[in-house]
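The values are calculated or read from the model by the stated rules, or taken from the named source; none is laboratory data. Keep in mind the model is a prediction, meaning the values are calculated, not measured. Here the Cβ is made from the backbone with ideal geometry for all residues, glycine too, and neighbour counts use every protein chain on show.
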Amino acid sequence: MQEALTSLRSVVSRARSARYPETSMLRRFRLQASRSALTVLLLVVFGAGPLTPHSLQALVPLASTAALAATSSQTGEAADRTARWRTDLKVFVTELPRRHANASHALPAARFRQMVDTLDGRLPQLTDAEITVELMRIASSIGDSHTGVDTWYERFHRYPIRLRWVGKDLRVMEVTGGAERAKGTRLIRIGRIGIDEAYTRVRTLATRETELGARNDSESLFPRAEVLAALKLLTGTGTGSFTFQDDAGVTFTLKLRSISAEASSAARWFKATSHVALYEERSGQPYWSTQLNAGRVVYVKYNSCEDAARYLISEIWAYPLTHDIGPP
């Protein structure tokens, strides 16, 4: 029996000792190869008679065949994935400049192409989420608020907080399961990175043409698990460490677990305040407006482009001006 187990260890060792490029796909293969050898042992124990060193040694080719089959299958899948991403990149690099009014107004065309080519060379080493984040970075570099990769990351996991810039503070405006204590506090650190450095990194992905636009877009980027992992703010996309400070100056850290986009949509979220800001009101209407400051100000909320001319004529200009509009 001891000799048989020694032979088994030899089979497993051979499967593990093969040298392949260090990718997560092939690390998974190594585990699969080891499992193949163990499966061979189970076949011998339960269905092929007595265990002898000779019978186990005879099964080495079988284990090797299983290992090679796993390698071939995984390599084929990886090559197919890379090929599909390369097809997407070709469309991206061709169609974005063609459809944009002036895609090189802030990013020279040669630099745009260089960024795409660099990403192309890294495709086999990156996960789908990391590739998406890099595409977001390239699109952000175009430098306007209406060019970006923003539909893909909506499928990313998110941590159970919703954030809003209030002055220089990044405040937690809503929370769901596991983050209740953070409600209303300031987010001051993600992992070991302070919020200023974290914003510098996140800003590179924001669709923007002004700093205000970058800050607004960053609010939806900060809670995304795949974004924070790709920017090396956190390791992994499961549980993340977030440090908060309340208005009394008390600092505390929470380990928050990310949730899927579907779970986020279904979750019950708790607001930090019952106050509803003007920009949050009537989000289902294309436009709406109201008077402020005893008629001196007309506030107009613009949610979507629908019949703008009719609205401007019938609603905005219909307001009676109770005061002359002049310098404040």
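Assess whether residue 133 counts as being part of a loop (DSSP other than H, G, I, E, B), more than 17 Å from residue 260 (Cβ to Cβ) and touching a helix residue (DSSP H, G or I) at 6+ places or on another chain (Cβ under 7 Å).
When the stated conditions are applied, residue 133 does not pass them.
Out of all the residues in segment 213-235, is one or more within 19 Å of residue 131 (Cα to Cα), in contact (Cβ under 8 Å) with a residue 40 or more places away in the chain, of a type in the set (Phe, Trp, Tyr) and surrounded by 15 or more Cβ atoms within 10 Å (Cβ to Cβ)?
Within segment 213-235, one or more residues are within 19 Å of residue 131 (Cα to Cα), in contact (Cβ under 8 Å) with a residue 40 or more places away in the chain, of a type in the set (Phe, Trp, Tyr) and surrounded by 15 or more Cβ atoms within 10 Å (Cβ to Cβ).
Scan 304, 258, 264, 289 and give me the residue that is in contact with a Gly (Cβ under 7 Å, 6 or more places away or on another chain), on the phi < 0 side of the Ramachandran plot and of a type in the set (S, T, N, Q).
Within the list 304, 258, 264, 289, the selection yields 258.
If I filter segment 241-262 down to residues being within 25 Å of the chain's Cα centre (by Cα) and of a type in the set (Val, Ile, Thr), which single residue comes out as nearest to residue 198 (Cα to Cα)?
Looking at the filtered set, the residue picked out is 243.
Could you list all residues from segment 174-196 that are charged (D, E, K, R), loosely packed, with under 15 Cβ neighbours inside 10 Å and touching a strand residue (DSSP E or B) at 6+ places or on another chain (Cβ under 9 Å)?
Result: 180, 181, 192.
Tell me whether segment 274-284 contains one or more residues that are among the charged types (D, E, K, R), loosely packed, with under 14 Cβ neighbours inside 10 Å, out of contact with any strand residue (DSSP E or B) (no Cβ under 6 Å at 6 or more places or on another chain) and at pLDDT 95 or above.
The answer is no, given that none of the residues of segment 274-284 is among the charged types (D, E, K, R), loosely packed, with under 14 Cβ neighbours inside 10 Å, out of contact with any strand residue (DSSP E or B) (no Cβ under 6 Å at 6 or more places or on another chain) and at pLDDT 95 or above.
Can you work out which of the residues in segment 254-269 that are touching a residue at least 24 places away in the same chain (Cβ under 8 Å) and farther than 25 Å from residue 205 by Cα is surrounded by the most Cβ atoms within 10 Å (Cβ to Cβ)?
Going through the qualifying residues, I end up with 254.
Just to verify a result, which residue in segment 138-173, among those that are surrounded by 18 or more Cβ atoms within 10 Å (Cβ to Cβ) and among the charged types (D, E, K, R), is nearest to the chain's Cα centre (by Cα)?
158
Could you tell me whether any residue of segment 238-248 is exposed (fewer than 12 other Cβ atoms within 10 Å of the Cβ), in the same structural domain as residue 158 (by TED's automatic domain parsing) and not small (Gly, Ala, Ser)?
yes
Of all residues in segment 117-129, which are surrounded by fewer than 18 Cβ atoms within 10 Å (Cβ to Cβ) and not small (Gly, Ala, Ser)?
Selection gives 117, 118, 120, 122, 124, 125, 126, 127, 128.
Would segment 200-212 turn up any residue that is over 16 Å from the mean Cα position of the chain (by Cα), of a type in the set (D, E, K, R) and buried (at least 18 other Cβ atoms within 10 Å of the Cβ)?
For segment 200-212, residues over 16 Å from the mean Cα position of the chain (by Cα), of a type in the set (D, E, K, R) and buried (at least 18 other Cβ atoms within 10 Å of the Cβ): present.
When you go through (1) free of Cβ contacts under 8 Å to residues at least 12 places away in the same chain; (2) over 29 Å from residue 237 (Cβ atoms) one by one for residue 105, which number turns out not to apply?
Result: residue 105 fails condition (1) only.
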